[in-house]
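Reviewing the structure listed below.
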Amino acid sequence: MSEKVLQKANWSSFVQALADARELWFPVKDGPIYKFAPYSGDVDAGLEEYAYSSVPPKAVVLPQTETMFLYQVGDKEISLPEEKKEKVVLGARPCDARAMDIVDRVFQWDEDDPYYLENRNKTAVIGLACNEPFVNCFCTSLDGSPGSTQGLDVLMVDLGDKYYLRSVTDKGSRILGDAESALEDASGEGSQAEEIIKEAEGKIKRSIDTEGIREKLEEGWEAPLWDEVSRACLGCGACTFLCPTCHCFDIQDEVEGFDGRRCRMWDSCMFGEYTLHTSGHNPRPSRKERTRNRISHKYRYYVEKFDKIACVGCGRCITSCPVNIDILDILSRVKEEL
Amino acid sequence: MVDLETIRKKAKEIVSREDVKHLIGWRKGTFGYRVTPYWVEAPEDAEELVYSPLCNTNLATYLTLAEKLPLPKGQEPDRRKTALLVRGCDSRAVVQLLTERGVDREQVVLLGLPCRGVVDLRKLKDSYPEDNEVADAEWKEDKIVLNVSGEKKEIPREEVLDDHCLVCRYPNPVEADETLGEKVEPWAEESHPGVEELENASFDKRWDFWEKEFERCIRCYACRNACPMCYCEDCILDRLNPTWIYRSNNYSENTAFHIARAFHLVGRCVSCGACERVCPAGIPLGKINQKLVKEVREKYEFEPGTDPEGVPFQASYNPQDQEDFIL
């Protein structure tokens, strides 16, 4: 473990050093939203105004669309896309890194998924602790914290005129080594960082006691609650696509002229197409079953398999829902009514 | 305008009717400025109804969104009516659906409400950030009054209203079984916000503009689903055989998606702005739809959702129609 300090005056040389060593992904403002994109050389881009990315950094390791292989129609040969590069994600929020840890388990529990794992293993994550939590944050209800290091390689804490950086993994130490010229050794900033994180924890206003939810979800399968909480749902994919732990994908062949590619892309259990059988039958025919699945997957099915809740409390699904379907509202009703 | 007690009282009366299943309105949300669509089933539920500039969903979309599932053997279908709170734009959506026969007039009860425009939450974001506290809002002359934790903030209407509402010419319902309160005097001349600016830009500039916007699309289809006019049971976007639009998220496919959606709304879009308000990527979808609204209006003097007895745009033909686009 190494502890370093980055003076904000040295920000651009730090960023440049990271970008020289690896492909750097950075939160960039795109219209009214933030998303992670390859660093474009704009060294003035800082993390000052950035709250959290609307599209979570899961998109770096599990891109919305990923080419698996390429082919020519009528030809039996396939070719592979370009090899993935070593990447570093700068400025991910701790909850988003914890989410990657949750998704990691899915892609290696039976068979190893080479596409995801190659990407994931080649990606290092530098997290930025949240000094000011956001309106719908509830990470502390799910064993998280604004300064959690789970899933991170380096934790970074904003101390005003400088950042405190602490490596969590060996990969993290190597990354800090690459940018050594921009960094100074820490001297007591660690405790200041701890205080900031503790203070931030106290600012989180939303919460849920998850005790017993899994059992209730099992018992209350047919409860009228599901009709009530899904009625306003528009059936769009905003909650799932913007969720850092949602990882469902579809695989399709896309052909232009004779150029074919097999790719996989995010899919959403909120879409009718998701469970549609070839016969035309759909075991989840309405928004009721789909809403129940979204909640049950995170708070029951994943828990049964991995002994862990597949939600990190980032609050994106709450904030981005156009009709204010609120997972905390649903969960507290599950606890009370089922 | 109209006071909340009158709405609640009337809603109670409507849901007490034997031929009415429920009434769809709004109630307070769970945080900040959020308001959520709400189903009043029993008369006492009506106490939770709210009506404010924060009610930004077009409720007409729920008339066609409800899934029609096969019933268990022996169970009779529920033939009771759905009641709906409608403002100008919601009622125009219902009227458009009526002319397309997407909705049966006998199956809906429309309770009309005058409206002075809804707030665009994106315009509140910087100056009045959302808090955990559930805030309230009301119309007061030419202002919007926000009530956050007991503290009242008066904001000029034009600062925070949705662009579509700023130029709305139908603040009163065009069709309703009963309209409550006093009619609102329309405030705007016909105009199509954001369209002229793009029309005057060069081809390359326009292309660059939309390339940047569509690249950001996450293909969640919130715009399609929030739109009361998008109700095809078999949507072109969901088709796999043939796959008209690939699922890949890239500029090309995203553009194909948005062009397809825009063209399916020609002569049908009622300018409620719901698509743009729900977009999590902040794409100015209204600009595309408004361009088409403007074209249809100028070339055919047609305005959708204004005449319950009318015929849909695509089904109407007039020998005097302009044909200057035919090569």
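The values are calculated or read from the model by the stated rules, or taken from the named source; none is laboratory data. Just so you know, these numbers come straight off a predicted model, no measurement behind them. Cβ sites come from the backbone with ideal geometry, for glycine too, and all protein chains shown count toward neighbours.
This table checks each residue for (1) under 26 Å from the mean Cα position of the chain (by Cα); (2) among the aliphatic types (A, V, I, L, M); (3) not assigned by TED's automatic domain parsing to the domain that holds residue A:103.
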residue	(1), (2), (3)
A:170	yes, no, no
A:198	yes, no, no
A:208	yes, yes, yes
A:217	yes, yes, yes
A:221	no, no, yes
Of all the residues that make up the range B:47-63, how many are closer than 18 Å to residue B:274 by Cα and either at pLDDT below 90 or touching a helix residue (DSSP H, G or I) at 6+ places or on another chain (Cβ under 7 Å) (or both)?
-> 8
What are the pairs, 6+ residues apart or on separate chains, where a residue within the range B:275-297 that is facing another protein chain (nearest Cβ under 9 Å) and buried (at least 23 other Cβ atoms within 10 Å of the Cβ) has its Cβ under 6 Å from a residue that is assigned to a helix (DSSP H, G or I) and of a type in the set (A, V, I, L, M)?
-> B:278/B:222; B:278/B:226; B:280/A:238
Where residues in the range B:16-47 are among the aliphatic types (A, V, I, L, M) and within 12 Å of another protein chain (Cβ to nearest Cβ), which of them is farthest from the chain's Cα centre (by Cα)?
-> B:40
Can you tell me which residue in the range B:64-97 is nearest to the chain's Cα centre (by Cα), limited to those that are assigned to a loop (DSSP other than H, G, I, E, B), away from every other protein chain (no Cβ under 14 Å) and surrounded by 12 or more Cβ atoms within 10 Å (Cβ to Cβ)?
-> B:87
Go through the range A:270-338 and tell me which helices (runs of 4 or more DSSP H), entirely inside it, have 1 or more residues that are within 14 Å of another protein chain (Cβ to nearest Cβ), touching a Ser or Thr at 6+ places or on another chain (Cβ under 6 Å) and modelled with pLDDT of 95 or more.
-> A:287-296, A:327-337
Between a first residue in the range A:23-37 that is touching a residue at least 24 places away in the same chain (Cβ under 8 Å) and facing chain B (nearest Cβ under 10 Å) and a second residue that is of a type in the set (Val, Ile, Thr) and assigned to a strand (DSSP E or B), which pairs have beta carbons less than 8 Å apart while being 6 or more apart in sequence or on different chains?
-> A:35/A:28
How many of the residues in the range A:219-259 are within 7 Å of another protein chain (Cβ to nearest Cβ), touching a residue at least 60 places away in the same chain (Cβ under 8 Å) and among the small types (Gly, Ala, Ser)?
-> 2
Test: residue A:125 is β-branched (Val, Ile, Thr), over 16 Å from the mean Cα position of the chain (by Cα) and not assigned by TED's automatic domain parsing to the domain that holds residue A:259 = no
In the range B:227-255, which residues are modelled with pLDDT of 95 or more, away from every other protein chain (no Cβ under 12 Å) and over 17 Å from residue B:313 (Cβ atoms)?
-> B:255
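The rows are residues; the columns are (1) buried (at least 16 other Cβ atoms within 10 Å of the Cβ); (2) out of contact with any strand residue (DSSP E or B) (no Cβ under 9 Å at 6 or more places or on another chain); (3) modelled with pLDDT under 95.
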{"residue": "B:16", "(1), (2), (3)": "no, yes, no"}
{"residue": "B:25", "(1), (2), (3)": "yes, no, no"}
{"residue": "B:31", "(1), (2), (3)": "yes, yes, no"}
{"residue": "B:45", "(1), (2), (3)": "yes, no, no"}
Selection from the range B:98-127 of residues assigned to a loop (DSSP other than H, G, I, E, B) and free of Cβ contacts under 8 Å to residues at least 60 places away in the same chain yields B:101, B:103, B:104, B:125, B:126, B:127
Would you say residue A:14 is in contact (Cβ under 8 Å) with a residue 24 or more places away in the chain and either surrounded by fewer than 16 Cβ atoms within 10 Å (Cβ to Cβ) or assigned to a helix (DSSP H, G or I) (or both)?
-> yes
